[in-house]
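Scroll down for the structure; my scribbles are underneath it.
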Amino acid sequence: MNSWIGAALLAGLLLQEGGANSYLGKAPPELVSKPDQWFNPPPAITLEKLRGKVVWLEFGFLKCLPCRKMKPALSRWHEELGPKGLVVIDVDDGGIDDFDDVKKEVESKGEKFATLYDKDARNSMAYGIQGHPQAWLVGVDGKVAWEGIPDIKKVEALEKAIAEELKKVKK
């Protein structure tokens with residue numbers, strides 16, 4: 001009985017914190033991928049090559065309701081803030097979703113931001129993803145400026161954090 005209670009408390013803490021690894025103030029792991037796993041990518045997309053830009057990195061999957069609710073914000077940020085230096089990357093959990101389903105979704109919704117099909121969930125495991133959505137805001141210096149669970153109800157606060165980082169982009 002005691003081990004069950006301990007496991008339940010640990011699971012609750014992981015869910016409360018998003019269960020992901022913290023990289024606040026540090027560089028997050030590089031994304032591992034092959035070119036054919038990307039939809040709408042800039043050429044040779046890596047976090048290292050994106051240094052000097054601001055990166056919104058969000059992990060999710062197709063049937064995740066909170067993830068789906070964030071998609072319009074991701075599209076708007078890509079359109080409005082992309083020219084100012086923001087790169088939006090949506091990482092789809094390939095351990096849950098099928099490649100063809102992700103491709104169909106991106107095409108049918110007309111999503112223009114970069115989407116990575118995380119084959120075998122390699123990036124999700126490297127980031128310690130245990131709940132979706134989970135996101136990181138990577139600043140121009142390549143270090144994480146914000147991390148957490150994105151919530152469409154708190155999008156204004158997220159946009160303020162993004163705006164602060166975009167001020168640091170060299171024109």
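None of the figures in this text is laboratory data; all of them are computed from the coordinates on show. Just so we're clear, the structure is a prediction, and the values are computed from it rather than from any experiment. In this analysis, Cβ positions are derived from the backbone assuming ideal geometry, glycine residues included, and neighbour counts consider all displayed protein chains.
Who wins for biggest fluctuation among Asp92, Asp100, Asp118 in a Gaussian network model of the chain, springs between alpha carbons below 10 Å?
Looking only at Asp92, Asp100, Asp118, the largest GNM fluctuation is found for Asp100.
Using only Cα atoms, tell me the angle between helix 155-166 and the longest principal axis of the chain; keep it within 0 to 90° and round to the nearest 10.
Here the helix axis deviates by roughly 50 degrees.
How large is the direction-averaged shadow of the alpha-carbon convex hull of the chain, in nm²? Each step should come with its number before you reach the end.
Working: hull surface 41.3 nm².
One quarter of the hull surface, i.e. the mean projection, equals 10.3 nm².
I want the local charge near Glu107. Using Cβ-Cβ distances under 15 Å, sum +1 for each Lys or Arg and -1 for each Asp or Glu among the other residues. Mind showing how you got there, number by number?
Details: positive: Lys71, Lys103, Lys104, Lys109, Lys112; negative: Asp90, Asp92, Asp97, Asp98, Asp100, Asp101, Glu105, Glu111.
Once all neighbours under 15 Å are counted, the net charge is -3.
Kindly put Thr46, Thr115 in sequence by how many other C-beta atoms sit within 10 Å of each C-beta, fewest to most.
Working: Thr46 12, Thr115 24.
Ranking Thr46, Thr115 by Cβ neighbours within 10 Å, fewest first, gives Thr46, Thr115.
Against the longest principal axis of the chain, how steep is helix 99-109, in degrees 0 to 90 to the nearest 10, with axes from Cα atoms?
Taking Cα atoms only, the helix is inclined about 50 degrees.
Quick one: if you stick a label point 7 Å off each Cα along the C-beta vector at Asp141 and Lys170, how many nm between them?
In this crude spin-label approximation the distance works out to 1.5 nm.
Could you give the dipole magnitude of the chain about its Cα centre, charging the beta-carbon of Lys and Arg +1 and that of Asp and Glu -1, in debye to the nearest 20?
Values: 25 positive and 26 negative charges, 135 e Å.
For this selection, approximately 640 debye.
Tell me, Val144, Val88 in order of fewest to most beta-carbon neighbours within 10 Å?
On the way: Val144 19, Val88 25.
With the sparsest Cβ surroundings first, the list reads Val144, Val88.
In the chain, what % of DSSP beta bridges are antiparallel (nearest 5)? Display every interim value, and only then the final one.
Numbers: 11 of 25 bridges.
So the antiparallel bridges amount to about 45 percent of the total.
Can you sort Leu74, Leu81 by how many other beta carbons sit within 10 Å, fewest first? Don't skip to the end; give the middle numbers.
Values: Leu74 22, Leu81 18.
Ascending number of Cβ neighbours within 10 Å: Leu81, Leu74.
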